[in-house]
Amino acid sequence: MGQHSRLVEWIELNGFRVPEQIGVAHLNLEGDCNDWAGIRTHKREIGAAAVDLVVSMLRNNELGLPAMAHDISLTGSWQPGRTLRTPHRD
């Protein structure tokens, strides 16, 4: 597991084959790793939710720092990909 787009390259430079010998899961999939297995974090949707929150606060005349901090969280989704083998069913 990792978050660097060169992770597979580094593993293969050390003589291992991905996914035959080592499987790799990316923890924050982006455009440079779209065909990897890993977690898609939905950054655009999180950004859109943050904008919705700010717009809502402005409409309600809530200015300055809020009395209580707001967190915006969206659940990531698993994406299968070329960096993990497909499990065999017996």
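The values are calculated or read from the model by the stated rules, or taken from the named source; none is laboratory data. Quick caveat: nothing in here was measured; it's all calculated off a predicted structure. All Cβ positions, even for glycine, are placed from backbone atoms using ideal geometry, and neighbour counts span all protein chains on display.
Of the residues that sit in the range 17-63 and are of a type in the set (Lys, Arg) and closer than 23 Å to ARG85 by Cβ, which one is surrounded by the fewest Cβ atoms within 10 Å (Cβ to Cβ)? Reasoning before the result, please.
Step one: list which residues in the range 17-63 are of a type in the set (Lys, Arg), which gives 17, 40, 43-44, 59.
Restricting the remaining residues to those that are closer than 23 Å to ARG85 by Cβ gives 17, 40.
Details: ARG17: 9, ARG40: 14.
Only one residue tops the list, namely ARG17.
Working only within the range 69-90, note down all residues that are touching a strand residue (DSSP E or B) at 6+ places or on another chain (Cβ under 6 Å), of a type outside the set (Ser, Thr, Tyr) and assigned to a loop (DSSP other than H, G, I, E, B).
Selection gives GLY76, PRO80, GLY81, LEU84.
Assess whether PRO66 counts as being in a loop (DSSP other than H, G, I, E, B), loosely packed, with under 11 Cβ neighbours inside 10 Å and either without any contact (Cβ under 8 Å) to a residue 40 or more places away in the chain or not charged (D, E, K, R) (or both).
Working: in a loop (DSSP other than H, G, I, E, B): yes; loosely packed, with under 11 Cβ neighbours inside 10 Å: yes; either without any contact (Cβ under 8 Å) to a residue 40 or more places away in the chain or not charged (D, E, K, R) (or both): yes.
Yes: the conditions hold for PRO66.
Output the residue which, of all residues in the range 69-90 that are farther than 21 Å from GLY31 by Cβ and aliphatic (A, V, I, L, M), is surrounded by the fewest Cβ atoms within 10 Å (Cβ to Cβ). Full working, then the answer.
Kept after step one, since they are farther than 21 Å from GLY31 by Cβ, are these residues of the range 69-90: 69-73, 85-90.
Keeping just the survivors that are aliphatic (A, V, I, L, M) gives 69, 72.
Details: ALA69: 6, ILE72: 13.
Looking at the filtered set, the residue picked out is ALA69.
Can you tell me which of LEU29, LEU74, LEU84 is under 30 Å from VAL8 (Cβ atoms) and at pLDDT 95 or above? Talk me through it step by step, then tell me what you get.
Details: LEU29 fails: at pLDDT 95 or above; LEU74 fails: at pLDDT 95 or above.
One residue alone meets the criteria, LEU84.
Restricting to the range 10-19, name every residue that is farther than 16 Å from TRP78 by Cβ and either in contact (Cβ under 8 Å) with a residue 24 or more places away in the chain or in contact with a helix residue (DSSP H, G or I) (Cβ under 7 Å, 6 or more places away or on another chain) (or both).
The one that is farther than 16 Å from TRP78 by Cβ and either in contact (Cβ under 8 Å) with a residue 24 or more places away in the chain or in contact with a helix residue (DSSP H, G or I) (Cβ under 7 Å, 6 or more places away or on another chain) (or both): VAL18.
Please name all residue pairs, on different chains or six or more residues apart, with Cβ atoms under 9 Å, provided the first residue is in the range 25-47 and is assigned to a loop (DSSP other than H, G, I, E, B) and the second residue is modelled with pLDDT under 90 and surrounded by fewer than 12 Cβ atoms within 10 Å (Cβ to Cβ).
Every condition considered, the pairs that remain are LEU27/MET1.
Taking ILE22 as meeting all but one of (1) in contact (Cβ under 8 Å) with a residue 12 or more places away in the chain; (2) β-branched (Val, Ile, Thr); (3) assigned to a loop (DSSP other than H, G, I, E, B), write down the number of the exception.
If we test ILE22 against (1) in contact (Cβ under 8 Å) with a residue 12 or more places away in the chain; (2) β-branched (Val, Ile, Thr); (3) assigned to a loop (DSSP other than H, G, I, E, B), just (1) comes out false.
Sort out which residues of the range 2-19 are in a loop (DSSP other than H, G, I, E, B) and farther than 24 Å from HIS88 by Cα, and write them in order of number.
GLN3, HIS4, SER5, ARG6, ASN14, GLY15, listed by residue number.
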